[in-house]
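Undergrad: Pasting a structure below so you can have a look.
Since every read-out is calculated from the coordinates, none of them should be taken as a lab result. In this text, all values refer to a predicted model and were calculated from it rather than measured experimentally. Cβ sites come from the backbone with ideal geometry, for glycine too, and all protein chains shown count toward neighbours.
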Amino acid sequence: MKRFVLLFSVFLVILSSCVKQDEIPEGEVKSFDELVVPSDFTWSGISRYNLSVIIKDLSGVSSALLNGQPMDLVDMDGNRMQRVIVEEGKAEFSVLLDKNLTKLMVSDPVSGTSVQVKVTSSETNFTVSSSSSYQNLSDTDSDGVADLYDDFPSDASKSFVETFPASASYAVNPSSGSVLTKADPSDEEYYFQIFEDLWPSKGDFDMNDLIVASRITWVKTGNYVSSGSVNAKIWAVGAYITLPSGLGYEFFKSGSGMLYYLNEGTVTFTSGEAYTHQDEAVSNGIAFWDNILGVVNPYYNNVGGDWGVSGTPKDVSFSFSVLTSAKVRTLDILPYFYYTEDKTHQIRFFGSPPTISADMSLFRTEDDDSPISWTQGGGFNYPLQNTAAFYRTSANHPWGVQFISNDFRVPLEKTSIIAAYPEFQEWAESGGSLNPEWYFYPDEDLTIPVLP
């Protein structure tokens with residue numbers, strides 16, 4: 001009898017052990033701290049793509065046949081990502097991309113011919129048989145861009161509009177120059193920026209302390225940026241009301257995988273919200289707002305009202321100008337999230353260098369494992385990676401994540417984004433190669449929808 005009881009007890013222990021293993025699926029992570037990610041992972045679903053298109057004739061020799069006419073880079077859905085003017089037998093493209101894109105099209109809008117290119121290619125050839133009749137087309141404003149391909153045919157100071165994320169449904173009203181949005185804005189994609197606010201401490205990784213969904217517009221004069229705008233939605237504010245914060249944008253010139261500091265005054269705030277202004281402490285920085293509580297209801301959080309209740313995002317925007325003499329072909333805009341009471345206490349995305357006004361003494365304190373110094377000037381590889389990256393923990397974890405989407409359900413307060421988005425873990429641990437669209441698959445019981 002004792003032997004039976006003993007054997008039965010052993011059986012229960014084994015059974016209990018089996019049940020426990022079944023309840024904890026293999027690979028499950030209980031906390032963000034347990035994530036093990038590749039050393040070169042940058043926590044971003046966005047990258048900059050540079051492509052040089054070499055114009056060649058039928059014999060394979062470089063050609064000047066298309067000099068002076070436009071050429072387009074479009075995605076496989078037909079969205080125009082960028083229009084440039086061919087110079088010296090080349091069309092040079094540089095665009096921000098969703099990392100999920102694998103193929104694009106280079107298109108000659110005049111002849112209607114296109115060639116497909118993989119985003120792993122940095123150079124491709126475009127063959128033409130003869131010169132076109134482009135130079136004979138009407139050009140009302142005499143800016144060198146034919147009316148048919150000029151987004152501003154009556155304004156010689158403007159040529160093309162470029163949007164990020166790209167959209168084929170964006171058009172320009174020639175009389176006013178205003179950008180017209182598509183009829184169904186629910187299909188529009190946004191550049192999402194989601195932040196933790198307790199840097200240099202890790203926080204709870206619910207990634208809802210500030211969520212901003214943006215669309216960025218650049219206006220070009222020929223091949224150079226002359227102005228632009230940022231149209232954003234304050235999607236969520238989960239930070240403590242006792243810790244009010246601001247948000248700014250620092251502008252850089254980009255090219256060949258590098259970012260370059262601009263001379264002071266190259267980018268200037270021109271119009272926008274009453275609380276938006278040029279940031280005197282950050283060269284070429286524009287402070288969207290200094291205190292979020294002055295922009296939205298003090299009780300607006302990831303909810304728009306009471307905690308746990310869906311709310312409608314707050315629309316905010318500003319416009320800026322760029323010195324055409326600086327000849328900036330492409331701009332990168334890096335956000336900096338800061339404390340209202342101490343603007344030197346700033347939080348940025350993984351791999352972003354500190355602004356000139358950041359308090360450098362905060363690095364390498366608490367949970368931060370960034371470098372301890374940074375010299376501005378010249379160019380740098382962006383994003384900075386591995387141990388050269390700022391705003392990283394010793395485990396290579398971030399204080400912000402960015403991606404492109406048309407919607408995003410907000411994690412409940414104190415709910416790790418790993419639980420809120422079950423595919424997030426595999427995305428992170430694979431270095432972004434698996435589940436790249438993790439943000440489309442939330443746990444609806446642990447997230448809150450945002451009203452349109």
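Undergrad: Ratio of the chain's C-alpha Rg to 2.2 N^0.38 Å, to two decimals? Walk me through the numbers before you get to the answer.
TA: Working: Rg = 25.0 Å, N = 452, 2.2 N^0.38 = 22.5 Å.
So the chain has a normalised radius of gyration of 1.11.
Undergrad: Ok, one more. Provide the per-residue ³J(HN,Hα) series for segment 66-73, in order, calculated from phi with Karplus coefficients 6.51, -1.76, 1.60 and θ = phi - 60°, each as a whole number of Hz, with x at glycine and proline positions.
TA: After applying 6.51 cos²θ - 1.76 cosθ + 1.60, I find 9, 3, x, 9, x, 9, 10, 10 Hz.
Undergrad: In cubic angstrom, how much convex hull volume per residue do the alpha carbon atoms of segment 43-146 span? Could you put the intermediate results ahead of the total?
TA: On the way: hull volume 11.0 nm³, N = 104.
Taking only Cα atoms, segment 43-146 has a hull volume of 105 Å³ per residue.
Undergrad: Something else about it: Taking a ≥ b ≥ c as the square roots of the eigenvalues of the Cα gyration tensor of segment 106-154, is the shape rounded (a/c under 1.5), prolate (a/b larger than b/c) or oblate? Walk me through the numbers on the way to the answer.
TA: Details: a/c = 3.23, a/b = 1.91, b/c = 1.70.
Here segment 106-154 falls in the prolate category.
Undergrad: What number do you get for segment 306-365 when its Cα radius of gyration is normalised by 2.2 N^0.38 Å, N = residues?
TA: Working: Rg = 16.7 Å, N = 60, 2.2 N^0.38 = 10.4 Å.
Dividing the Cα radius of gyration by 2.2 N^0.38 Å gives 1.60.
Undergrad: Taking the Cα centre as origin and putting +1 on Lys and Arg beta-carbons and -1 on Asp and Glu beta-carbons, what dipole magnitude results for the chain, to the nearest 20 debye? Present the calculation step by step, with values, prior to reporting the outcome.
TA: Details: 28 positive and 59 negative charges, 139 e Å.
That gives the chain a dipole magnitude of about 660 debye.
Undergrad: For the chain, take the longest principal axis of its alpha carbons; what is the angle in degrees between that and the long axis of helix 2-23, to the nearest 10 within 0 to 90?
TA: Taking Cα atoms only, the helix is inclined about 20 degrees.
Undergrad: How much FRET efficiency would the formula 1/(1 + (r/R0)^6) give for GLU413 and GLU264, where r is the Cβ-Cβ distance and R0 is 41 Å, rounded to 0.05?
TA: Details: r = 40 Å, r/R0 = 0.98.
According to the calculation, E is roughly 0.55.
Undergrad: Read phi for every residue in segment 45-51 and hand back ³J(HN,Hα) as whole Hz from Karplus 6.51 cos²θ - 1.76 cosθ + 1.60, θ = phi - 60°, with x for Gly and Pro.
TA: Running phi through 6.51 cos²θ - 1.76 cosθ + 1.60 with θ = phi - 60° gives x, 10, 9, 9, 10, 10, 9 Hz.
Undergrad: Report the full-extension gain for the segment ASP315 to ASP443: residue separation times 0.36 nm, less the Cα-Cα distance, to one decimal in nm. Let's see the in-between values first.
TA: Details: separation 128, 0.36 × 128 = 46.08 nm, distance 2.65 nm.
Working it through step by step, the gained length comes to 43.4 nm.
Undergrad: Evaluated at 4 °C with a viscosity of 1.567 mPa s, what Stokes-Einstein diffusion coefficient in µm²/s does segment 28-68 have when Rh comes from the Kirkwood expression over alpha-carbon pairs?
TA: Numbers: Rh = 15.4 Å.
Answer, rounded: 84 µm²/s.
Undergrad: Tell me, what ³J(HN,Hα) does each residue in segment 334-349 have, in order and in whole Hz, if you take phi through Karplus 6.51 cos²θ - 1.76 cosθ + 1.60 with θ = phi - 60° and put x for Gly and Pro?
TA: Result, ordered by residue: 10, x, 9, 9, 9, 7, 4, 7, 8, 5, 7, 8, 10, 10, 10, 5 Hz.
Undergrad: Quick one: the Cα spread of segment 370-452 along its three principal axes, in angstroms, biggest first?
TA: Over segment 370-452, Cα extents along the principal axes are 45, 28, 25 Å.
Undergrad: Return a whole-number percent for the relative contact order of the chain, with Cα pairs under 8 Å and 6 or more residues apart as the contact set.
TA: Values: 1031 pairs, mean separation 74.5, N = 452.
Once normalised by length, the contact order is 16 percent.
Undergrad: Taking N as the number of residues in segment 368-412, what is its Cα Rg relative to 2.2 N^0.38 Å? If you can, show how the numbers build up before the last one.
TA: Numbers: Rg = 14.2 Å, N = 45, 2.2 N^0.38 = 9.3 Å.
So the Cα radius of gyration is 1.51 times the expected 2.2 N^0.38 Å.
Undergrad: How high is the FRET efficiency between THR365 and SER62 when r is their beta carbon distance and R₀ equals 56 Å, given to the nearest 0.05?
TA: Details: r = 55 Å, r/R0 = 0.98.
So the FRET efficiency works out to roughly 0.55.
Undergrad: Ok, one more. Among all the aspartates and glutamates, which ones have a C-alpha under 13 Å from LYS253's C-alpha, if same-chain residues fewer than 8 places away are not counted?
TA: Counting by Cα, and skipping residues close in sequence, LYS253 has these aspartates and glutamates nearby: GLU264, ASP332.
Undergrad: Would you please give the residues with an amide H less than 5 Å from that of GLN69, counting only those at least 5 places away or on a separate chain, with H modeled from the backbone geometry?
TA: Excluding prolines and chain starts, which carry no amide H, the hits are VAL86.
Undergrad: Cut-off is 10 Å between beta-carbons; in what order do LEU66, LEU384, LEU58, LEU362 appear when sorted fewest neighbours first?
TA: So the residues, fewest neighbours to most, are LEU58, LEU362, LEU384, LEU66.
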